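The values are calculated or read from the model by the stated rules, or taken from the named source; none is laboratory data. Just so you know, these numbers come straight off a predicted model, no measurement behind them. Please note: Cβ atoms are built from the backbone with ideal geometry, for glycine as well, and neighbour counts cover all protein chains shown. Only protein heavy atoms, including side chains, enter the accessible area calculation; ligands, DNA and RNA are left aside. Shrake-Rupley method; radii C 1.70, N 1.55, O 1.52, S 1.80 Å.
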Amino acid sequence: ISLLLISFGLGCLEPNLPAYSGDQYRLPLETRGFSLCIGLLFVMQNAGRVIALVFSPMLRSNTQCFGGTDCYPLIYGIFFIVKIVAIASLVMGRKYAVVKEPSGNMFVKVCGCIWVSFIKLGASLWNF
């Protein structure tokens with residue numbers, strides 16, 4: 001259940017951060033700030049993954065809890081606290097953020113984009 005909840009939380013939060021961050025800038029006036037923000041977002045997400053990849057096994061194996069040799073609840077607890085802090089910071093900063101309503105049907109636009117890419121892939125494979 002823990003892995004399911006973590007996967008669901010990551011799947012709902014992480015893909016929306018670049019779009020949410022991009023809404024905060026007026027393009028083309030603030031192109032430099034936008035590029036910096038997206039770059040820092042990318043670096044911080046990947047740095048978090050690397051830190052988790054390196055330190056999670058060390059914490060898990062060097063800590064004992066509930067009479068076992070490994071402490072998986074510690075790792076899941078840390079991930080839970082980090083996600084709660086991330087969501088809380090988004091909620092608290094919402095009053096300072098620009099929130100744009102989506103225009104049109106996003107599902108139809110995504111399906112259309114996927115369809116066009118399949119058509120282009122098929123055309124390139126059969127040299128049309």
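Label-point separation (nm) for V110 and L5, each offset 7 Å from Cα along Cα-to-Cβ?
2.5
Mean-square fluctuation check for the chain, GNM, Cα pairs under 10 Å: which of F79, F107, F66 is largest?
Among F79, F107, F66, the largest mean-square fluctuation in the Gaussian network model of the chain belongs to F107.
If I compute solvent accessible area with a 1.4 Å probe over the protein chains, what percent of it on the chain is carbon and sulfur?
Taking all protein chains in place, the chain shows 74 percent carbon and sulfur surface.
Which residue, E30, E101, E14, tops the fluctuation ranking in a GNM of the chain built on C-alpha contacts under 10 Å?
Looking only at E30, E101, E14, the biggest GNM fluctuation is shown by E101.
What are the membrane-span-like helices in the chain by this rule: whole DSSP H runs, Cα extent along the axis at least 20 Å, mean Kyte-Doolittle hydropathy at least 0.5?
31-62, 72-92, 106-125
I want to verify a result. In a Gaussian network model of the chain, Cα cutoff 10 Å, which of these has the top mean-square fluctuation: K83, K95, K109?
K109
Residue farthest toward the positive end of the dipole of the chain, with Cβ of Lys/Arg at +1 and Asp/Glu at -1: which of F79, G104, G67?
G104
For T69 and S21, what is the calculated FRET efficiency with R₀ set at 41 Å and r taken between the beta-carbons, to the nearest 0.05?
0.50
Charges only on Cβ, +1 for Lys and Arg, -1 for Asp and Glu: so what's the dipole of the chain about the Cα centre, in debye to the nearest 20?
220
Keeping all protein chains in place, calculate the accessible area per residue for the chain (probe 1.4 angstrom), answer in Å².
Ligands and nucleic acids excluded, the result is 82 Å² per residue.
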